[in-house]
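**Q** One structure, pasted below without further comment.
The values are calculated or read from the model by the stated rules, or taken from the named source; none is laboratory data. Bear in mind that the values here come from a model prediction, so they are computed numbers and not experimental data. Ideal geometry is used to build each Cβ from the backbone, glycine not excepted, and the neighbour counts take in all protein chains shown. Remember, those area values only see protein heavy atoms, side chains included, never the ligands or the DNA or RNA. Shrake-Rupley method; radii C 1.70, N 1.55, O 1.52, S 1.80 Å.
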Amino acid sequence: MQRLAVFLMIPALVLLSTAMGAAQDADWGGIHSIKGVYAVTGFSTCNATGPGILEGDYTFNGNGTGSAQGVVRSLSPNASPPPAAFGTYMNFTVTFEYDVTKDGRITFLYPAGGNTVVNPEGTKSITWNKGPSHGVISPDGKTITITCGPPVSLAVQASSGAGVPIPGTPANCVTSAVGIRLNGGDVDE
């Protein structure tokens, strides 16, 4: 019985050491290690109509700059301001700078303009001053997690239209999302 246990442990140890070696050999090498478009979905409270499901595309240019655009669908029909102010979803756009460490951790920096959410008709908008601030890229570059970690304190930078929060309005934000690289985006060697 002991021989069988030893015999079964050897393949398990080989698999474990191979996986650990691959993770150590990833050596991301800074901002040029992620490039392409990632389809992202997750949860966000960075939404004027309450918590919602975030869906969008994050584009990484491979030079430390990128952008994101998509939609947040509200989960709270009784939110304040009421969904009538934005409908049941909002479009978002943001540009950012990013840096990637050699172990695949990514940090996002947002310009003073922040993130902008707009109702579907384009008649109302809110610009927040921050967004998710970091994440992790898988060693093969095909998957990314994006999060702000602990709640981020936001403030409205600009707004337009009736029934939207005025500049200076505070909010707490939590975002957690996962993205998968779409075809056409390659991780630089």
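**Q** In the range 157-180, what residues are closer than 18 Å to GLY52 by Cα and β-branched (Val, Ile, Thr)?
**A** Correct list: VAL164, VAL174, THR175, VAL178.
**Q** Hey, can you tell me all the residues within the range 66-78 that are at pLDDT 60 or above and open to solvent by 50 Å² or more (accessible area, probe 1.4 Å)?
**A** GLN69, ARG73, LEU75
Here is a yes/no grid of residues against (1) open to solvent by 60 Å² or more (accessible area, probe 1.4 Å); (2) modelled with pLDDT of 80 or more; (3) polar (S, T, N, Q):
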| position | (1), (2), (3) |
| --- | --- |
| SER80 | yes, no, yes |
| PRO83 | no, no, no |
| THR88 | yes, no, yes |
| THR93 | yes, yes, yes |
| VAL100 | no, yes, no |
| ARG105 | yes, yes, no |
| TYR110 | no, no, no |
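**Q** Pairs, please: C-beta under 7 Å, at least 6 apart or cross-chain, first residue of a type in the set (D, E, K, R) and in the range 129-155, second open to solvent by 60 Å² or more (accessible area, probe 1.4 Å)?
**A** From residues that are of a type in the set (D, E, K, R), the pairs are LYS142/ILE180.
**Q** Right, another one. As an exercise: evaluate ILE146 against (1) farther than 25 Å from TYR38 by Cβ; (2) at pLDDT 80 or above; (3) in contact with a Phe, Trp or Tyr (Cβ under 8 Å, 6 or more places away or on another chain) and give the number of the one condition it does not meet.
**A** The one condition ILE146 does not meet is (1).
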